[in-house]
Amino acid sequence: MVGHLRSENEIQYFWLGQQSYHPIWDLQKQLHTKRVSGEIPDIILFLEHNHVYTLGKNADRNYLLDSKPSNADVVQIDRGGEVTYHGPGQLVCYPIIDLHNYHMSVSWYMRTLENVVINCLKECGIKSMHKDGLTGVWVDNEKICSMGVRLSKWVTMHGFALNLNPDMIYFEGIIPCGIFEHGVTSFNELEVEYKLENILQSLVRSFSYFLSGEQN
C-alpha cells in the first residue's frame, strides 16, 4: 500500500511503491528545500524504482558497460559515488533528515545508515558487516546494500538500496560502485525468505534506535 507508514521520534516514514527515477529525484529536491527551511519534519521515503542506472556527479562512465540491458534508463545525479543499479525487487531508502539534530558528521551519518541496515539484516537472520575503506553493507565479500548520499546545509538526500530479489542480470551491466574485486548478493541469492512489510517495519525500528541515540 502506497502511503504513510508511521511516525516515530518526530520522523515521518512513507512507502511509495514502484516509481520512475526522475519524479522521485524531483520529490527529494522539493522535500530537501522544505526541510532546510523548517517547513517539514525529518522524512524517510521507502520505494522501489523502475530499471535505472544512476551515476554520481563525478562517476567514471567506463563503469557502465556496453553489455547492460537496454531497457534501463541512465541518469547522472548529484550524489557522490560511482554507478549503481536500481530496479524492482530492490528496496530503496531516501532519508531527508537534518543532521543539525543529530551529529554534523558525514562519516557518522554513513556509519549510521550502515548500522541501520546491518541491524535489519540481523533480524532477518543474515550476518552482515562493514568493510574497511568501502561504503555499504556486506555479506562476506559480496555487497547486499549500496549507499550514496548528498548533503547540503546538513540536510541529507539519496541514501541506500537493499537487494531483496532484483534481477541480478542488471548488475552484470556495470562495475557496481566501481569495485572490481567484490560481487553483489541479495536475499534471494542467499535463499532467505522475507516479507516486505516486515523489512519495512524492521528498518523503521532500526532508524528509531540509531537516530535516537539509544544505543549510546
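The values are calculated or read from the model by the stated rules, or taken from the named source; none is laboratory data. What you see is a predicted model, and the numbers here were worked out from it, not measured in a lab. Heads up, the Cβs are rebuilt from the backbone with ideal geometry, glycines too, and the neighbour counts pull from every protein chain shown. For the accessible areas, the whole protein counts, side chains as well, though only heavy atoms, and no ligand, DNA or RNA atoms are used. Shrake-Rupley method; radii C 1.70, N 1.55, O 1.52, S 1.80 Å.
For this structure, a couple of remarks:
- Failed item in (1) at pLDDT 95 or above; (2) open to solvent by 10 Å² or more (accessible area, probe 1.4 Å), with Val149 passing the rest: (1)
Residues are listed down the side, and each one gets a yes or a no for (1) closer than 21 Å to Glu48 by Cα; (2) at pLDDT 90 or above; (3) surrounded by fewer than 16 Cβ atoms within 10 Å (Cβ to Cβ); (4) touching a His at 6+ places or on another chain (Cβ under 6 Å):
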position: Met157; (1), (2), (3), (4): yes, yes, no, yes
position: Phe160; (1), (2), (3), (4): yes, yes, no, no
position: Ser186; (1), (2), (3), (4): yes, yes, no, no
position: Glu193; (1), (2), (3), (4): yes, yes, yes, no
position: Ser206; (1), (2), (3), (4): yes, yes, no, no
position: Leu211; (1), (2), (3), (4): no, yes, no, no
position: Glu214; (1), (2), (3), (4): no, no, yes, no
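- Scanning the stretch 71-93 for residues that are surrounded by 15 or more Cβ atoms within 10 Å (Cβ to Cβ) and among the polar types (S, T, N, Q) yields Thr84, Gln90.
- In the stretch 167-177, the condition of being surrounded by 15 or more Cβ atoms within 10 Å (Cβ to Cβ) and either hydroxyl-bearing (Ser, Thr, Tyr) or free of Cβ contacts under 8 Å to residues at least 60 places away in the same chain (or both) is met by at least one residue.
- Leading residue by the ranking (farthest from Met147 (Cα to Cα)) among those in the stretch 17-70 that are of a type in the set (Ser, Thr, Tyr) and open to solvent by 30 Å² or more (accessible area, probe 1.4 Å): Ser37
- Leu200 meets all of the listed conditions (1) in contact (Cβ under 8 Å) with a residue 60 or more places away in the chain; (2) out of contact with any Leu (no Cβ under 7 Å at 6 or more places or on another chain); (3) open to solvent by less than 40 Å² (accessible area, probe 1.4 Å) but one, namely (2).
- Members of the stretch 143-170 found to be over 16 Å from the mean Cα position of the chain (by Cα) and not aliphatic (A, V, I, L, M), listed by number: Ser152, Lys153, Trp154, Asp167, Tyr170
- Selection within the stretch 60-77 - touching a Ser or Thr at 6+ places or on another chain (Cβ under 9 Å) and outside any strand (DSSP E or B): Ile77
- Within the stretch 94-130, considering residues that are without any contact (Cβ under 8 Å) to a residue 40 or more places away in the chain and either part of a strand (DSSP E or B) or hydroxyl-bearing (Ser, Thr, Tyr) (or both), the one most open to solvent (accessible area, probe 1.4 Å): Ser107
- Inspection of the stretch 168-177 identifies no residue that is at pLDDT 95 or above and in contact with a strand residue (DSSP E or B) (Cβ under 9 Å, 6 or more places away or on another chain).
- Pair list, Cβ < 6 Å and 6+ apart or interchain, from the stretch 31-46 residues that are of a type in the set (Asp, Glu) to residues that are open to solvent by less than 30 Å² (accessible area, probe 1.4 Å) and part of a strand (DSSP E or B): Asp42/Ile11
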